Amino acid sequence: MKKICIAVLIVLSGKLMTAQGLRAPAYPLITHDPYFSIWSTTDTLTASTTTHWTGASQSLLGLLKVDKAIYRFMGASGRSYAAILPAADEVNYSAQYTEAAPAEGWMNPAFDDGGWKKGAAPFGDDAVRSKTQWRSADLWMRRAFTVKGSETGPFYLKLWHDDNVEVYLNGALIYQRKGWTNNFIYIPIEAGRVKAGNNLLAIHVANTAGGAWLDAGIVKEVIPVEDQAVRTAVQKSVIMNATQTRYQFTCGKVDLTLTFTSPLLMNDLNLLSRPVSYMVSQVRSNDGAQHDVSLYFGASTNIAVNTAVQPVKTEQYAADGLAILKAGSVEQPVLQKKGDNLRIDWGYFYVAAPAGAGVRQYVSQEGSLGKAFQAGGAGVSSGKQLMLNTVCSLGKVGATPKEQLILLGYDDLYSIQYFHQNLQAWWKLQPGATIEGQLSAAFSGYADVMAKCAAFNDKMYVDAVAAGGEKYAQLCVLAYRQSIAAHKLVKSPEGEILFLSKENFSNGSINTVDVTYPSAPLYLVYNPDLLKGMLNGIFYFSESGKWTKPFSAHDLGTYPLANGQTYGEDMPVEESGNMIILTTAIARAEGNADYAKKHWNTLTVWAQYLAEAGFDPANQLCTDDFAGHLARNANLSIKAIVALDGYAQLARTLGYADTADKYEALAKSMVPKWMELADDDDHYSLTFGGKGTWSQKYNMVWDKVLGLGLFPAEVYAKEINYYLTKQNEYGLPLDSRKTYTKSDWILWTAVLAARQQDFEAIVAPVWRYADETTTRVPLSDWHETTDGKQVGFQARSVVGGYFMKLLEVKLNK
């Protein structure tokens, strides 16, 4: 098998070079769903700890031993701390606290806190995890401690706070921040602040929104002597394609190629759903000599918990020719948490490698890098922040490459709660399916999967270049895995496909219609069934009688609980228009209106609503809800017009001629009225009658892509010419109110251009944003056009909208 795998890697190497020109804001390593999603957020893989898309640490660590020298090629150097003043994750402690504003000087050691309460940490509003309940607006805490004269630094404040915090040590302010953390952070303390003898740590936390939490301590860093000899590998390149991220390193006298593959191929739903990624290390000598080489790979059990303080249990065993390590939380609270900034803490994470004499696995506490190749024995089976370790001896390595395959998988047991019924992942629908079976299938089918990935990577890139140029293609590469991995694939109790999105770092909703809408082009290009999987739940919500309003719902709940809308306000025109337009697009992609016929009664209700209220929208939200309410929204009006004509085209396809004639005439009659009300000389305004304003008319793209023929070509031209005068360094603003933008909408707007050079001119600043932004997170779709920084949102599925130009090519060949 090794010869086959090496050949596959060589085949892949040519097209892997295609995306090298773009420096990604973050690099996808493991991408499957909103919970199993691990990224590198720095240019070099050794510059930081790998993280979940939310930013929480989910450490993957890689070392290569060449003869007697050890090189770190993945993950940041492990830091070890010894507690001077332990936090609650290490010992149970109590502190003085008050929820009433104290007198001046409350942070000083001499202050009398005898009237304060005494409570056990942590403090917070979590009924399960908090030892002292805190639900008021403010909390003040004081904690005295003694330090031995022999203790030396460097010292760090160990802090977990929610929300705004001020921290004092012996009366001096040492840290303050507006915001919150979702785990412990370590802040260096200035030398001399921690004194021998008596000390006082005093903290004020303001609970401004959402959860409330406080836990804190003081630690000192411990650097094992043996770690000082560990060298850092020299990274030569990092290259991405649609399904892979590939790094190249020099580790002294050996070169290493490290390739992560998440085979998200949309034409194979069983493979798409299989929660297994490949990590392949290929090594060869670079000096012509033979060298003894061993590989170490470590994965933190934090991958299987929401927070690092949760205890885990582990298991080590063998199955189907694989050596396997397994880890999961002790508690296993299946589907008991919902919300945005959360990680999974149920189910089990797996690390597997082909079993053999050269492969050894063990579990340990996170610790010394220098001892990684030595450790073994019984290890540990439970605890916190453990490491799943795999050591592989590659023997003598010369000019002929040798490789090691490692599989990373996650079995979430149950994935989604859908109207109060727990659903398993799509891959579990296969009779007798087990995670061991999935790991085994991934192993035995490796060469075939790699060949399919290579073919898809090449075709997608070539097609994207032909459609929109190199920079456009590189943006598509960046968007592909991110968009897919923001969804979970399951089947409904009614037997329908459900491909449910999580609204990452916007509000955590599940199956939000106005997140589906911008995401849709990617799925219309490669598998419209997945777009149906985004619409089916919304249709069911209405058709089951659970949603009774005459327009579409906004969402199905808060991820992963899809039990009904939880967003606080409706978006009637927005969501109804979205559902009709996307159903029309499915019909165009498939060449029939069968899907529309299945939901015709519901579509008719929504079309009737748009006929009455869509053309001149009332003061309501649209998908750009972060920008606030807007009445007479010209772009939202376009959505209603396009949706009504789309409904007419569906009716005509289904043979409902009278309905088709009626709604087509209605939609076409609205266009000249729209042009008159929105006209503002050299462009069209943000709102009807809103002279001196402007906005991206991204909804108009469906008129062009679906070939509806509603708006004259001169309307497109007028808008494009105006947009070209309004661009900033990092993109075209969303509208005249602010300088921020949405990159998905820019790429839709660009498709309105008749000339390729205009399309590329509008796309180029978005590429520059992705390449230069200082916000190192999985691509944010909401950024500032003046400085390229994230405004909000990250890792969202909406970047699937980047594929709109490819969709235009597909539907209008």
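A few comments on the model shown:
- The number of residues in the range 99-122 being surrounded by fewer than 17 Cβ atoms within 10 Å (Cβ to Cβ) and not in a loop (DSSP other than H, G, I, E, B) comes to 3.
- Among (1) at pLDDT 95 or above; (2) at negative phi; (3) open to solvent by 20 Å² or more (accessible area, probe 1.4 Å), the one test that N507 misses: (1)
- Among (1) open to solvent by 50 Å² or more (accessible area, probe 1.4 Å); (2) at pLDDT below 95; (3) of a type outside the set (D, E, K, R) - the single one Y414 does not satisfy: (2)
- Count of residues meeting criterion [open to solvent by less than 20 Å² (accessible area, probe 1.4 Å) and farther than 23 Å from I416 by Cα] in the range 528-574: 4
- Selection of first residues in the range 313-331 that are in contact (Cβ under 8 Å) with a residue 12 or more places away in the chain and of second residues that are acidic (D, E), restricted to Cβ pairs under 6 Å at least 6 apart or on distinct chains, gives the following pairs, ordered by first then second residue: A319/E436; K326/E315; S329/D345.
- Test: residue in the range 442-451 that is within 21 Å of F297 (Cα to Cα), open to solvent by less than 10 Å² (accessible area, probe 1.4 Å), part of a helix (DSSP H, G or I) and modelled with pLDDT of 95 or more: yes
- Filter pass, Q365 being surrounded by fewer than 18 Cβ atoms within 10 Å (Cβ to Cβ), more than 24 Å from the chain's Cα centre (by Cα) and of a type outside the set (F, W, Y): yes
- Residue in the range 53-95 that is nearest to L779 (Cα to Cα), counting only those that are of a type in the set (S, T, N, Q) and open to solvent by 30 Å² or more (accessible area, probe 1.4 Å): S57
- Search result, residues across the range 691-712 that are closer than 14 Å to S736 by Cα and buried (at least 19 other Cβ atoms within 10 Å of the Cβ): W694, S695, Q696, K697
- One residue stands out in the range 223-270 among those that are more than 30 Å from P154 (Cα to Cα) and assigned to a helix (DSSP H, G or I): the one that is least open to solvent (accessible area, probe 1.4 Å), namely L269.
- Scan of the range 154-180 for residues that are crowded, with 17+ Cβ neighbours inside 10 Å and not in a strand (DSSP E or B), ordered by number: D163
- The lone exception for M460 - which of (1) farther than 29 Å from Q474 by Cα; (2) open to solvent by less than 10 Å² (accessible area, probe 1.4 Å) it fails: (1)
- Yes/no for N198 being out of contact with any helix residue (DSSP H, G or I) (no Cβ under 6 Å at 6 or more places or on another chain), surrounded by fewer than 21 Cβ atoms within 10 Å (Cβ to Cβ) and at pLDDT 95 or above: yes
- Residue match in the range 20-31 (condition: open to solvent by 20 Å² or more (accessible area, probe 1.4 Å), part of a strand (DSSP E or B) and within 14 Å of A299 (Cα to Cα)): no
- Cβ-Cβ contacts under 8 Å between residues 6 or more apart (or on different chains), taken from a first residue in the range 491-515 that is part of a helix (DSSP H, G or I) and among the β-branched types (V, I, T) to a second residue that is open to solvent by 10 Å² or more (accessible area, probe 1.4 Å) and modelled with pLDDT of 95 or more, are listed as V515/E503; V515/R796.
- Here Q404 meets each of (1) surrounded by 23 or more Cβ atoms within 10 Å (Cβ to Cβ); (2) over 27 Å from T245 (Cβ atoms); (3) more than 23 Å from the chain's Cα centre (by Cα) with one exception, condition (2).
- Elements of the type strands (runs of 3 or more DSSP E) sitting completely within the range 713-813 and holding at least 1 residues that are open to solvent by less than 30 Å² (accessible area, probe 1.4 Å) and of a type in the set (D, E, K, R): these cover 740-742.
- Flag if E151 is assigned to a strand (DSSP E or B), acidic (D, E) and either touching a strand residue (DSSP E or B) at 6+ places or on another chain (Cβ under 8 Å) or open to solvent by less than 10 Å² (accessible area, probe 1.4 Å) (or both): no
- Scope the range 61-91; condition free of Cβ contacts under 8 Å to residues at least 60 places away in the same chain, more than 17 Å from L388 (Cα to Cα) and aliphatic (A, V, I, L, M); matching residues: V91
- Within the range 184-222, the set of residues being assigned to a loop (DSSP other than H, G, I, E, B) and either within 25 Å of S136 (Cβ to Cβ) or in contact (Cβ under 8 Å) with a residue 40 or more places away in the chain (or both) comprises F184, V194, K195, A196, N207, T208, A209, G210, G211, A212.
- Any pair with Cβ under 7 angstrom, 6 or more apart, that starts in the range 452-481 at a residue that is basic (K, R) and ends at one that is part of a helix (DSSP H, G or I) and open to solvent by less than 40 Å² (accessible area, probe 1.4 Å): K471/V763; K471/A764; K471/W767
- Filter pass, L61 being modelled with pLDDT of 95 or more, in contact with a Phe, Trp or Tyr (Cβ under 6 Å, 6 or more places away or on another chain) and not in a loop (DSSP other than H, G, I, E, B): no
- Pairs with Cβ under 6 Å, 6+ apart, first in the range 270-294 and farther than 30 Å from Q430 by Cα and touching a residue at least 60 places away in the same chain (Cβ under 8 Å), second part of a strand (DSSP E or B) and hydroxyl-bearing (S, T, Y): Q282/T257; H291/S285; S294/S393
- Residue in the range 279-292 that is in contact with a helix residue (DSSP H, G or I) (Cβ under 9 Å, 6 or more places away or on another chain) and open to solvent by less than 10 Å² (accessible area, probe 1.4 Å) present: yes
The values are calculated or read from the model by the stated rules, or taken from the named source; none is laboratory data. Quick caveat, the model's predicted, so the values are computed rather than measured. Neighbour counts run over all protein chains shown; Cβ positions are idealised from the backbone, glycine included. Quick note on the areas: whole protein, heavy atoms, side chains included, nothing else; ligands and nucleic acids left out. Shrake-Rupley method; radii C 1.70, N 1.55, O 1.52, S 1.80 Å.
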